[in-house]
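Participant: Let me begin by handing over the structure; questions about it come next.
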2 protein chains.
Amino acid sequence: MASRNGGFHVEEADIDIGDSAALLNPKDAENLGIPAGSRAVVVCGGRSLGVVALHSTRVEPGSLALTRQALERLGECRAAEIYPLEFPASFDAFERRLEGKRLDANDYKQLIGDIVAGLYDDAQIAAFLVSQMHYRITEDELVYLIRAMVDTGDVVAFGEPVYDEHSIGGVPGNSKVALLVVPIVASRGLLIPKTSSRAITSPAGTADTMEVLARVTFTPEEIHEMALKARGLIVWGGALNLAPADDIFIRVERRLGIDPPTQMVASILAKKLAMSVSRLVIDIPVGRGAKVENEKDATSMASLFLSQAGRLGINMRVAITYGNEPIGYGVGPALEAREALETLIKGDGPLSLVEKACSLAGLVLELGGVAPRGGGYSLACESLRSGAAYRKFREILDIQQGDPDIKPEDIRLGRKQITLRAPRDGVVSTIDNVAITLAARAAGAPDDKSAGIRLHVKTGYRVKKGDPLLTIYSSSDARLHEALRVVEEHEAVIIEGVVVKLFP
Amino acid sequence: MASRNGGFHVEEADIDIGDSAALLNPKDAENLGIPAGSRAVVVCGGRSLGVVALHSTRVEPGSLALTRQALERLGECRAAEIYPLEFPASFDAFERRLEGKRLDANDYKQLIGDIVAGLYDDAQIAAFLVSQMHYRITEDELVYLIRAMVDTGDVVAFGEPVYDEHSIGGVPGNSKVALLVVPIVASRGLLIPKTSSRAITSPAGTADTMEVLARVTFTPEEIHEMALKARGLIVWGGALNLAPADDIFIRVERRLGIDPPTQMVASILAKKLAMSVSRLVIDIPVGRGAKVENEKDATSMASLFLSQAGRLGINMRVAITYGNEPIGYGVGPALEAREALETLIKGDGPLSLVEKACSLAGLVLELGGVAPRGGGYSLACESLRSGAAYRKFREILDIQQGDPDIKPEDIRLGRKQITLRAPRDGVVSTIDNVAITLAARAAGAPDDKSAGIRLHVKTGYRVKKGDPLLTIYSSSDARLHEALRVVEEHEAVIIEGVVVKLFP
C-alpha cells in the first residue's frame, strides 16, 4: 500500500525514545497510512532504516524529525522518504520459526538482516527469542544464526591468531578476573584484544570495571592499532558494530528475564568471530544463584559451545568453574578494579581470584602452544608472581589512556558506608550470589562505579558475634539503606553454629 | 530504587505514540533513574499507570507531558509522580508461564491486572502469547485467565438473560451476517446487545459495516438503556472498558501474525462475559483460507469453547459452518451494509447469507426456548421473510441514531470502479478467501468504507468469456489498481474448463 512520497525535509527530533524513531505531522501520517506507534521505513541517501513512527503537530507537514539514534544509523540525511511497514520479507521465515520449523542459512540471513535493519519490533523479537526456549534450534541452524549475526556487522581482522577468554557470568565479583587474565596472556606474547560488555543484570561487567582505570571506548581502527602494539586490551564491545543483532537481542532478553542457551551461545560466539577470535577459553561458573546451577546443565552447555566451535573453526576449551559464592572480596566496579590492581601489583591476592585467573589464563596459554597441556596454570601464576603481568597491565592502561601509576588506594569508593556484623558466633555457611548481586545493584552499581560490596568473610570462615561480615559502599544514603535492607531480607550471609543439631 | 519525587506539573504532550507515554526533561529522568524508552509508573490522584518514558529537552524540569492515552486512563490529573519500573510484582508468575509451568487463579489475576495497568511492555506480552503456542495452558488455567480478563474491566449487567452470536471470522463478507442475526433474534423478544469489533485483518468487522448505517460508539450506560428498549443492538465494543486486556493482546498478536487458540477463546469469552452474555452461539467457519482450514481443527476448537462454556456458566452451541468462499456477494463495509439491508427489506437474498443468518439466529432462538430444538432455522427464516426482522432493524437503526428509512441505493460505493472479466468459458472452481481479503484491503477497506469487492459469481457458476467476475470499488485510482494487481496475482477467481481432462 506504500505509495512513493516526495522528499521530506529532515530535522533532528528534540525527543529521545531510546531507539530510532521518526516524528511526522498527523496529516502526512494519515495520507501515507502510518498510524502512531506503528513501524515505518525511512529511506535516505540510499540507506533505509526501520523506525517507530510518532505523530506530532509540532512537526510541520513535509518535515520529518528523526531521533539521534536514527540519524546515526542513516548518516548524512537531509531529504528522506517514509513508508508504512507491514511485514518484512523474512516474516514467513519468522512465522515458521515460531511454529518450531527449521530454517536454512538463507532464512537466517534474511531474518537477521531485517532485524538489524530495524524492520522487527520488540514484540516480534521477543517472540523469536521465546520460541528458542520451546523449540530449540538445531546445531546446524545455530551456525546459520551465528554466521548471519557476524555478517550483518563489522569484522576486525588482525592477520594473526586472536585469543580470548570469556565467562558466561552470573557470579558477583567475576568482572575483575579478565583484568588479570588479559595481561597474563599478553605478557606471554599472545594477542588478546578483549572486547567485553557492560553489566546487564550483574553489579559490574568487565568493561565497567576497566573503565574505573582507563578509557574503554575506541573505534575499530584504534582497537586494531592498539592491540597490535600492546598485545592485550580490555575495551567495551558495545560501541562497535560487532554482531549488532546481539545488542538488540540482549536488550529484549533483559526485559523478559530470559536467556535461552542457544541464543546465549550465538551471542557470545558471534561477538568473538567479529573480533576474529579463533582460540577461545569459555568459563562456565556453576553454583547456587549462578547462571548455571548444576553440573549437568553446565556440561550440556559446554557440549553446545564445543560443537559450535567445531563448526565455526574456533579452537576452544571450556572450563566449568566453582561459582557457589562471589569471586574474591570486592563486588562493584571500583571495588573490583581495586582488588584486581592490588593483586597485579603484589603478584598475589585472594585465592578464589588468583586460582581462577591463573587457570583460565593457563588454558589460553596452552591453546597458544606457549605452555604444554597441563602446564598453563603454573606458567600463568609465574607471570603474575614475577610482575610481568603487572608490567603488561601498565602498558595496557597507558595505551587505553589510563594512568599506569595508579595505586589501589587512589580508586575512590562510595563515601557512604555501612557494615553488617555477625549476629552470633559460628561458621559462614553461605554467601548468597543473588543477594549480593541485588544488594550491590541496590547500592548503585554499576552506574555508580564507587558503589558495591566488600566481603570480609568467605564460606567456611569462623566468626565471633560482632565481627564484620560485609561493608556496603554507595554515593547515596537512600541507596545504602536500600542495599542493607536487601542484604538482610535475603540473608546474604548465613552463619551457622558449629554444632548444627544436638541430640540429648 | 524508586525514590519519592515531588509532584510534577502535568501537561498534555503534543505527540502521539499510539500508547500511554510520559515525556520528561532528561535531567529529571537522570535524577530519577528513568532511561529513555524504559517503562515507568505515573501516579496521579490515587491512580497509577505504566507508561513509556520519553526524554525531551522541550519539557521543562519539574514538568511531565502525558499523551492523550495516558491522560484518558489517569483521569483528572494536574500533579503527578513518576517512578522507574523494574519488574512488576507478577513477574515471577510471568516467568513460570514462559517455562510452561501452571499458574493458579491468583497468578492470573495479578498478571492480567499488571498488564492492564500498563506494567508490561509489548515484548513481554508477546512472550506471554507465544508461550501459549508451545506450552498450551490447561482448561482450568483458561478459566482463571478469562475471569481475570473480565474482572480487570467493566461489566454491563442487564438483570435478564443476555444472548449473543459470535463468529471467529476469517471469511470475507461475513461481517454482514450479524446485521441479520441480531434483528431476527430481537424480533422474537430475546435480548441481544451485540458488541462487535472493528476489522483486524479482514476487510470489514461487524462494527465497521454497521457504522455505514448508524452510530456504533456509545457509553456502557447508553448501551444498557438502548438495549432494554430495542432488545437488539450492534455496537462497537472497543470504546468500552470490557476485558481491556484483550485489546492489548490483540494489538500484539496482530504484529506477530499469531492467534493461539487458547488466547482466542479467552478473548471472545471474556468480552462476552463482560456483557453478561449467558447464552451464546459460536460460529467457526471452515474452509480454504479461513481462520480454521479443516474440520479436525474446527472440532478441537469447538471442544475448547464448549468446555470453557461449561466452566464459566455459559449455555453455548457451536456451529461449524461452510467457509470455502466469501459469504454473499459484497465484501467491504458499504457493500456488505448494502447487501444486508437489501436482504432485510426483501426478506430474502443470497443463499449463502440467508442460510447462514437463519441457521445461527435459529440456534440462538433455540437456546432461548423460543423455538424447539431443530425448529430455530425455520422460525428465523420466517422472521426474515415476514419483514419482522426488517422492522426490528429499523428500530435498531433509529435507536443507534441512524436513518431507519435508508435505502440500499443510498449507500455510497467507491467512485472508482474496475471489473474483472472471465478470460475463458468455464466453471468457477475457486473464489479465494485470502485473495479477496487482501484485494479488498488493498482497495482501502475497512478505513475507506466505500471500498471493497462485489462478486458477480460464486463457486460452481458457469461463465462465458468476457462475463464479469467481480468489481472492485475504491476512492482512489492508485488503490483500485493495487487491488486489481492483488486479484490477478493471487488468482482470486479460478475458471476451469468444464472438461478438465480428456483421454484419447
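Participant: What list of ³J(HN,Hα) couplings, whole Hz, do you get for the range A:399-413 from phi and the Karplus terms 6.51, -1.76, 1.60, once you set θ to phi - 60° and write x for glycine and proline?
Facilitator: Whole-Hz 3J(HN,Hα) from phi for the range A:399-413: 6, 8, 6, x, 9, x, 8, 4, 10, x, 6, 6, 7, 6, 9.
Participant: Provide the per-residue ³J(HN,Hα) series for the range A:46-58, in order, calculated from phi with Karplus coefficients 6.51, -1.76, 1.60 and θ = phi - 60°, each as a whole number of Hz, with x at glycine and proline positions.
Facilitator: x, 9, 9, 8, x, 9, 7, 8, 10, 9, 8, 5, 6
Participant: OK, next. Binning every alpha carbon pair distance of the range B:361-498 at 10 Å from zero, what are the percents per bin?
Facilitator: Pairs per bin, as whole percents: 12, 27, 24, 28, 10, 0.
Participant: Along the charge dipole of chain B, Cβ charges K/R +1 and D/E -1, which of B:A65, B:V427, B:I223 sits furthest on the positive end?
Facilitator: Of the listed residues, the answer is B:V427.
Participant: Provide the per-residue ³J(HN,Hα) series for the range B:116-130, in order, calculated from phi with Karplus coefficients 6.51, -1.76, 1.60 and θ = phi - 60°, each as a whole number of Hz, with x at glycine and proline positions.
Facilitator: 5, 6, x, 8, 10, 9, 4, 5, 5, 5, 4, 4, 4, 5, 5
Participant: Please compute the volume of the convex hull spanned by the alpha-carbon atoms of the range B:1-65 and report it per residue in Å³.
Facilitator: In the range B:1-65, the Cα convex hull volume per residue is 87 Å³.
Participant: Also, I was wondering about something else. Once the mean 1/r over all distinct Cα pairs of chain A is inverted, what Kirkwood radius in angstroms do you read off?
Facilitator: When all Cα pairs of chain A are included, the Kirkwood radius is 24.5 Å.
Participant: Exposure proxy check: A:I125, B:I314 ranked by fewest other beta carbons within 10 Å?
Facilitator: B:I314, A:I125
Participant: Shifting gears a bit: Most exposed first by the Cβ proxy, i.e. fewest other Cβ within 10 Å, how do B:K176, B:K291 rank?
Facilitator: By the 10 Å Cβ count, ascending: B:K291, B:K176.
Participant: Over the range B:8-84, calculate the relative contact order: mean separation of alpha carbon pairs under 8 Å at least 6 apart, over the residue count, as a percent.
Facilitator: Relative contact order here is 48 percent.
Participant: Using the scaling law 2.2 N^0.38 Å as the reference, what is the normalised Cα Rg of the range B:91-151?
Facilitator: Computed over Cα atoms of the range B:91-151, the ratio equals 1.00.
Participant: Rg and Dmax of the protein assembly as shown, Cα atoms, in Å?
Facilitator: Cα only, the protein assembly as shown: 32.7, 105 Å (Rg, Dmax).
Participant: Another question, then. Roughly speaking, what % of Cα-Cα pairs in the range A:416-496 are separated by over 17 Å, rounded to a whole number?
Facilitator: 38 percent
Participant: Just rank A:L190, B:L438, A:L335, B:L455, fewest to most, by other beta-carbon atoms within 10 angstrom.
Facilitator: Least crowded to most crowded, the residues run B:L438, A:L190, B:L455, A:L335.
Participant: Taking N as the number of residues in the range B:1-119, what is its alpha-carbon radius of gyration divided by 2.2 N^0.38 Å?
Facilitator: Relative to the rule-of-thumb radius for its length, the range B:1-119 sits at 1.11.
Participant: Sticking with this structure for a sec: Round to a whole angstrom and tell me the spacing of the C-alpha centers of the range A:415-468 and the range A:374-404.
Facilitator: Taking the Cα centre of each part, the range A:415-468 and the range A:374-404 sit 29 Å apart.
Participant: Could you tell me which of B:P372, B:P404, B:G460 has its Cα farthest along the dipole of chain B towards the positive end, charges placed at Cβ (Lys, Arg +1; Asp, Glu -1), taken about the Cα centre?
Facilitator: In chain B, that residue is B:G460.
Participant: Collect residues whose amide H, placed 1.01 Å from N in the peptide plane, falls under 5 Å from the amide H of B:E165; neighbours closer than 5 in sequence don't count.
Facilitator: When sequence neighbours closer than 5 places are left aside, the close amide H contacts are B:V281.
Participant: Moving on. Across peptide A:30-36, what mean number of C-beta atoms from other chains lies inside 10 Å of a residue's C-beta?
Facilitator: 2
Participant: What size of dipole, in debye to the nearest 20, comes out for the protein assembly as shown about its Cα centre when the only charges are +1 on Lys and Arg C-beta atoms and -1 on Asp and Glu C-beta atoms?
Facilitator: Rounded to the nearest 20 debye, it is 1340 debye.
Participant: Something else: Assuming 0.36 nm per residue, please report the length gained on full extension of the stretch A:S63 to A:T217 beyond their Cα-Cα distance.
Facilitator: 52.0 nm
Participant: So if I place +1 on the C-beta of Lys and Arg and -1 on the C-beta of Asp and Glu, and nothing else carries charge, what would the dipole magnitude of the range A:416-496 be about its Cα centre? I want it in debye, nearest 20.
Facilitator: Taking the Cα centre of the range A:416-496 as origin, the dipole is about 300 debye.
Participant: So for the range B:91-151, taking the charge dipole from beta-carbon charges (+1 Lys/Arg, -1 Asp/Glu), which of B:V143, B:V116, B:A126 sits furthest toward the positive end?
Facilitator: B:V143
Participant: Non-local amide H neighbours of A:S38 (under 5 Å, H modeled in plane, Pro and chain starts lacking H): which ones?
Facilitator: A:A53
Participant: Just the Cα atoms of the range A:105-195: what Rg and Dmax do they give in Å?
Facilitator: Both quantities, over Cα of the range A:105-195: 17.4, 47 Å.
Participant: Using amide H atoms built 1.01 Å from N in the peptide plane, name the residues 5+ places from B:A371, or on other chains, whose amide H lies under 5 Å from its own.
Facilitator: B:E366
Participant: Further question on the same structure: Any idea what the dipole of chain A comes to, in debye rounded to 20, about its Cα centre with Lys/Arg Cβ at +1 and Asp/Glu Cβ at -1?
Facilitator: 1440 debye
Participant: For the pairs A:K272/A:K449; B:K416/B:K458; A:K291/A:K416; A:K194/A:K291; B:K176/B:K291; B:K346/B:K392, flag any whose C-alpha to C-alpha distance is greater than 20 Å.
Facilitator: Flagged as over cut-off: A:K272/A:K449; B:K416/B:K458; A:K291/A:K416; A:K194/A:K291.
The numbers here are math on the coordinates, done by the rules we state, and not lab data. Keep in mind the model is a prediction, meaning the values are calculated, not measured. Neighbour counts are summed over all protein chains in view; Cβ atoms, including those assigned to glycine, are modelled from backbone coordinates with ideal geometry.
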